[in-house]
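Notes follow once the structure below has been shown.
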Amino acid sequence: MIDRMDDVQEIVRDVPVGLETGLPNYWYPVLQSQELISGVPHPFRVMGQDLVAWRDLNDDPLVVQDRCPHRNSRLSIGRVLDGGIQCALHGIRFGGDGSCQRIPWEPDDSPLLDTVSVAAYPTQELGGYIWSYLGDAVRFPPPALETEVPEELTKPDQFIWFRLPTDYWKTNWLVAIDGGDAFHAVMLHADSQAVSRDEKWTGGAAKRANVPMADRRMKIVQTGHGIRGIALDGTGEPIHHGHLTNQKLLGDRLSCPA
């Protein structure tokens, strides 16, 4: 519960203004790896902030605020040079840590370089995504990224995951997450993701499972693919999904007490 104070603006009771854009001091997947091309600045917007990403000389991703502090020009319309990003307006260059690397009208050892900087965020690449820690890394040091993501992303030899094309929704982030749960498919996509028991599905179109929607139920079980929602028929038997999981193993798990 938030301590109520007169100077705290709220959307609704106990929900401060700004929370709707996202929570700071967390790792966020901001781009897919293939979207960030070497040598090309990539602008994007997360948590109400305009940011720009690029790859350094080692091809590692970097993320800073997409504004040059000199004349407020977007850094994303500039160019990537020597691992840094250079403003197109006057040529001031910044590194991935936000420090100023070059001011064209100043010598390389000019003390003015230490007076100019841009907000930067810790950034890593993992599991086909570019992750950035959007917050105050000094006051709230980021935890190791590997400890914050689903284990599937750190074990490509054991798991397969599918990445969808980047899409932009004009909606609250909580609504977007709620609409992407892993359990709605067994009902919403019941016809397209079910296979007749007498058919060995190998991909493509499949004969639909002959189980009326009115008789279908769902059970949450722990499988080799993680926690899944499984559709059941009227007798409690799992409806065959072909690609979903091992049918015999699934049957054994469903027969165990919940």
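Quickly run through region 40-87 and pick out the residues that are in contact with a strand residue (DSSP E or B) (Cβ under 7 Å, 6 or more places away or on another chain), among the small types (Gly, Ala, Ser) and more than 27 Å from Leu23 (Cβ to Cβ). Hits for region 40-87 are Gly78, Gly84.
Look at (1) buried (at least 16 other Cβ atoms within 10 Å of the Cβ); (2) touching a strand residue (DSSP E or B) at 6+ places or on another chain (Cβ under 6 Å); (3) closer than 30 Å to Glu151 by Cα and you find that Asp97 fails only one, number (1).
Residues in region 63-96 that are acidic (Asp, Glu) and farther than 14 Å from Ala53 by Cβ: Asp82 alone. Can you tell me which residue is farthest from the chain's Cα centre (by Cα) among those in region 24-48 that are surrounded by 15 or more Cβ atoms within 10 Å (Cβ to Cβ) and of a type in the set (A, V, I, L, M)? Checking each candidate, the answer is Leu36. Residues that are among the charged types (D, E, K, R), buried (at least 16 other Cβ atoms within 10 Å of the Cβ) and either in a strand (DSSP E or B) or in contact with a Phe, Trp or Tyr (Cβ under 6 Å, 6 or more places away or on another chain) (or both) within region 49-82 comprise Arg55, Arg79, listed in sequence order. Among the conditions (1) touching a residue at least 60 places away in the same chain (Cβ under 8 Å); (2) under 21 Å from Pro142 (Cβ atoms), Gly48 misses just one, which is (1).
Hey, any hits in region 83-102 for a residue that's in contact with a Ser or Thr (Cβ under 6 Å, 6 or more places away or on another chain), closer than 30 Å to Ala176 by Cα and not in a loop (DSSP other than H, G, I, E, B)? Among the residues of region 83-102, not one is in contact with a Ser or Thr (Cβ under 6 Å, 6 or more places away or on another chain), closer than 30 Å to Ala176 by Cα and not in a loop (DSSP other than H, G, I, E, B), which makes the answer no.
Rule-based calculations on the coordinates, nothing more; no lab input. Everything numeric here is computed off the predicted structure, so don't read it as measured data. Counting neighbours? That spans all protein chains shown, and the Cβs are built from the backbone with ideal geometry, glycine included.
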